[in-house]
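Take a look at the structure below.
FYI, it's all coordinate maths here, none of it is from the lab. All values derive from a computational prediction rather than experimental measurement. Here the Cβ positions follow ideal geometry from the backbone for every residue, glycine too, while neighbour counts run over all protein chains shown.
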Amino acid sequence: MRHLINAILFLVVTGAQWRMLPREYPNWKTVYHYFRLWRA
């Protein structure tokens, strides 16, 4: 779970695109899925 939060924070801070997420984080589709669940 912590990896998902770190990945979202990475994207917010750097302004990177979802597909440009480094390999040290979970798959971008997984991160995006949880981001969509939590944003509401």
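With the checklist (1) in contact with a Phe, Trp or Tyr (Cβ under 9 Å, 6 or more places away or on another chain); (2) surrounded by 10 or more Cβ atoms within 10 Å (Cβ to Cβ) in hand, flag the one item Arg19 doesn't pass.
That leaves (2) as the condition not met.
Please tell me if Ala40 is of a type in the set (Gly, Ala, Ser) and in a helix (DSSP H, G or I).
No.
Sort out which residues of the stretch 12-27 are free of Cβ contacts under 8 Å to residues at least 12 places away in the same chain and either part of a loop (DSSP other than H, G, I, E, B) or under 8 Å from the mean Cα position of the chain (by Cα) (or both), and write them in order of number.
Hits for the stretch 12-27 are Gly15, Ala16, Gln17, Arg23, Glu24, Asn27.
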